[in-house]
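Input: a single structure, listed below in structure tokens.
The values are calculated or read from the model by the stated rules, or taken from the named source; none is laboratory data. Small disclaimer: the values here were computed from a predicted structure and weren't measured. Neighbour counts run over all protein chains shown; Cβ positions are idealised from the backbone, glycine included.
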């Protein structure tokens, strides 16, 4: 049974959240990444029993409408960190963590060569899934991990900015503001997951028609506490406790932004956060998470004018 609490929630623009430490980039990929098990099945609350169970999938994302874009084609690299991005948990060289995207979905780990990660097959889209293991236990008290994905060319630029000529040859390129181990935050897709029996904090966005009906297939952009972004769509999956919501799960302490834009069939009218009116029209809603002590859900409610 989900609960939602009175954690402090505030509204900021993306620029205010990032404080100028990272800049928007034309290199940021489209589409979404998400964690899954080997066969691409979704996992309730992004909550896994063991680290070896967690696989990376990519594409439009769960609940996305048919016309939604997948990941841009190209070669990517991924990493696993604690939610702050400060501690790199992946243990192998970055060159072993590469994968190929073609037609908007992951197709193989061929660029990694012999040290490529174990793969599975997404039963829904025949996409390749990529095991994230090996990685260390998170130091986060809530058991939260963060997975990042960025295009290899952007990763190499991020490493070069940290003084590493070939980031693929090393495990860790180091870090600087807006650059976590060579992953430039603004150029990266991120998603969170949990391993073990820990409370879950989530942010759910619900879209409603002028008549009050809940709507599926509408998207939000989640910007995490580091400036990484990911796309989520509202959909119906009761066996996963998803009830016409765009789901952001296993979030960490800090400020998260939910950006809501006009979409076909939904011109944004009003936005509410946990029953409190936020404003009129397209905007970014900031949610401040202060504690991971017990399970909570923040609800962002959007009414649409057709």
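Residues considered: 216, 262, 274. Of these, the only one that is touching a strand residue (DSSP E or B) at 6+ places or on another chain (Cβ under 8 Å), on the phi > 0 side of the Ramachandran plot, surrounded by fewer than 21 Cβ atoms within 10 Å (Cβ to Cβ) and not assigned by TED's automatic domain parsing to the domain that holds residue 47 is 274. Of the listed requirements (1) touching a helix residue (DSSP H, G or I) at 6+ places or on another chain (Cβ under 9 Å); (2) assigned to a loop (DSSP other than H, G, I, E, B); (3) more than 17 Å from residue 45 (Cα to Cα), residue 211 misses just one: (1). Taking the criterion of being surrounded by fewer than 21 Cβ atoms within 10 Å (Cβ to Cβ), part of a loop (DSSP other than H, G, I, E, B) and at pLDDT 90 or above, would at least one residue in segment 10-30 satisfy it? Within segment 10-30, one or more residues are surrounded by fewer than 21 Cβ atoms within 10 Å (Cβ to Cβ), part of a loop (DSSP other than H, G, I, E, B) and at pLDDT 90 or above. Among the residues of segment 109-123, just one is surrounded by 14 or more Cβ atoms within 10 Å (Cβ to Cβ) and modelled with pLDDT under 95, namely 122. When every residue of segment 289-302 is checked against the conditions, none turns out to be touching a residue at least 24 places away in the same chain (Cβ under 8 Å) and at positive phi. The set of residues in segment 57-81 that are more than 24 Å from residue 253 (Cβ to Cβ) and part of a strand (DSSP E or B) comprises 57, 58, 59, 74, 75, 76, 77. The residue that is surrounded by the most Cβ atoms within 10 Å (Cβ to Cβ), among those in segment 168-181 that are within 18 Å of the chain's Cα centre (by Cα) and farther than 16 Å from residue 135 by Cβ, is 179. Just one residue in the set 248, 242 is modelled with pLDDT under 95 and buried (at least 17 other Cβ atoms within 10 Å of the Cβ); that residue is 242. Condition first: within 11 Å of residue 104 (Cα to Cα) and either in contact with a helix residue (DSSP H, G or I) (Cβ under 6 Å, 6 or more places away or on another chain) or surrounded by fewer than 22 Cβ atoms within 10 Å (Cβ to Cβ) (or both). Now tell me which residues in segment 52-78 satisfy that. Selection gives 68, 69, 72, 73, 74.
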